[in-house]
Amino acid sequence: MRPNSELHTEGSIRQFVLPAGNPALHRILQSVETNRAFEFIDQYNISDEVIRVSEIAAPPFKEKARAEFVAGRFRAIGLADVRIDEEGNCLATLPGESPAPIVVFSAHLDTVFPEQTDVRVTREGGRLFGPGVGDNACGVASLVCLATTFAAAGVKLAGPILFAATVGEEGEGNLRGVRYLFSEGACRAGVDFFISLDGPGLERITHRALGSRRYKVSLRGPGGHSWGDFGIVNPVHALGRAIARFASYPAPLSPRTAFNVGVIEGGSSINAIPEAASMSVDMRSVSDEEIDKLEAYLRRVVQVAVREENSQRAMSGTTLTASIEMVGNRPSGEIAAASTIVQAALECSRLLGIEPRLDCSSTDSNVPISLGIPSITIGAGGSSGNCHTLAEWYDPAGSNLGMRRLILLAMLLSRR
């Protein structure tokens, strides 16, 4: 807690002495509802909730079982209009005393792990070990916990909260769940605030959307025997030259830009000239202009590599063809640091002794940020490590502080 804030206890009511200029937070913290919610959070077993979520597999494009579990939890809590939309998102509403402002709390259901992954969770000390336990079982569990807390504590909000457990945030999901929400789904008419719970931690407040584009580059030729057909075009050789050139791209440090060839595929045998070869390319930048430049460079090096291979093997009468397919496109954007939602997150964090930092990342918030909707992504609390590996772990210690921040943030934004 900051030096200019004090915590007093009078019976069961905790009261903060706030710095001047925070009358709304002062009223919220002095309310009986808030203190009931805080007390409920302190008794809530978030570890068991995380385990229940994490042990339901949610591989890319197959999140249905986890969505149905969350829907069941929302119904048990007593939320209104619980449903799973056409894209697979699980939605529910906590009504407010008026129809606005509408605040969305979201967490993505999917993990990066394939369908047959063993998702059982083990405990070692205070840590939970399991693939996806931190990204994003803890976020989904916190979404359920937040809804449970408001219902149990009888919190009455000025405006409604839409709880959204989304699909397709990871990898080639390409934000399909949140895209649907804002194009055809529950948020198509607009909302006032959007908060995504993604992973653990307390310090980061993501208000800048890191744009990215992903491509599948494919080269094709006739294929043949490594001895008998030597001299014909080889897509792997051409792909190798394209990768070497692409890797030399002088990516700027400012605006920060990055690229990666993450997957290479092709061939069937060591003594067979491949018929096809491909690579998957990821590009990221805080600047759409820099991504445009990087994309143009990729197309150029592929064209040059194919032309060289065809020229060198012209006597064989064979040629390579190339195709470049965009398989992912995450928009960029920024919500001003001075905006209501960012300032509210900063105030609620500092009040609880959290020293926040503003951040740029690629999350579900990319979509609403690109549409100009006040949006942020924050951690659910606790800590984790080995993210996106089978050795992933999550430690819920301190997660109640993250939940307290969510309660304050929801109540503060609901009154705007």
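Just so it is clear, none of the values below were taken in a lab; they were calculated from the coordinates. Predicted, not measured: the structure shown is a model, and the values here were computed from it. Cβ atoms come from the backbone with ideal geometry, glycine included; neighbour counts cover every protein chain shown.
Output the Kirkwood hydrodynamic radius of segment 288-412, Cα pairs only, in Å rounded to one decimal.
On the way: mean 1/r = 0.0526 Å⁻¹.
Evaluated on segment 288-412, it is 19.0 Å.
In degrees from 0 to 90, rounded to the nearest 10, what is the angle of the helix 64-77 Cα long axis to the longest principal axis of the chain?
So the inclination is approximately 10 degrees.
Under a plain spin-label model, where a point goes 7 Å from the Cα along Cα-to-Cβ, how far apart in nm are Gln30 and Glu172?
5.7
Report the extension gain between Ser323 and Asp229 in nm, rounded to one decimal, defined as 0.36 nm multiplied by the number of residues separating them, less their alpha carbon distance. Walk me through the intermediate numbers first.
Numbers: separation 94, 0.36 × 94 = 33.84 nm, distance 2.41 nm.
Between Ser323 and Asp229, full extension yields 31.4 nm more.
Full-extension gain between Val304 and Ala76, please, as 0.36 nm times their residue separation minus the C-alpha to C-alpha distance.
Result: 76.1 nm gained on full extension.
With label points built 7 Å along Cα→Cβ from the Cα atoms of Ala100 and Ala258, find their separation and express it in nm.
The two pseudo-label positions are separated by 3.9 nm.
For a test of the definition: using alpha carbon positions, the gyration tensor, and the 1.5 limit on a/c, classify segment 243-287 as rounded, prolate or oblate. Present the calculation step by step, with values, prior to reporting the outcome.
Numbers: a/c = 5.28, a/b = 3.05, b/c = 1.73.
Because a/c hits 1.5 or more and a/b exceeds b/c, segment 243-287 counts as prolate.
At most 15 other Cβ atoms within 10 Å and a DSSP loop assignment: could you name the GluC sites (Glu not before Pro) in segment 88-158 that fit?
Hits after loop and neighbour filter: Glu97, Glu115.
Label-point separation (nm) for Glu355 and Ser311, each offset 7 Å from Cα along Cα-to-Cβ?
Taking the two extended label points, one gets 5.8 nm.
Rounded to the nearest 500, what is the chain's calculated 222 nm mean residue ellipticity when only DSSP H runs of at least 4 contribute -39500 (n - 2.57) each, over all residues?
Details: 11 runs with 138 residues, N = 416.
Here the helix-only value at 222 nm equals -10500 deg cm²/dmol.
Check cross-link reach from Lys216 to the lysines: straight Cα distance under 19 Å, and skip same-chain residues fewer than eight apart.
Result set, ordered by chain and number: Lys293.
Taking the Cβ of each residue in Val32, Val140 as the centre, tally the other Cβ atoms inside 10 Å and list the residues starting with the fewest.
Val32, Val140
When you count, for each residue, the other Cβ atoms within 10 Å and take the mean per peptide, how do 288-295, 87-94 rank with the highest first?
Output ranking for 288-295, 87-94: 87-94, 288-295.
Over what distance in Å are the Cα centres of segment 128-196 and segment 274-349 separated?
Segment 128-196 and segment 274-349 have Cα centres separated by 29 Å.
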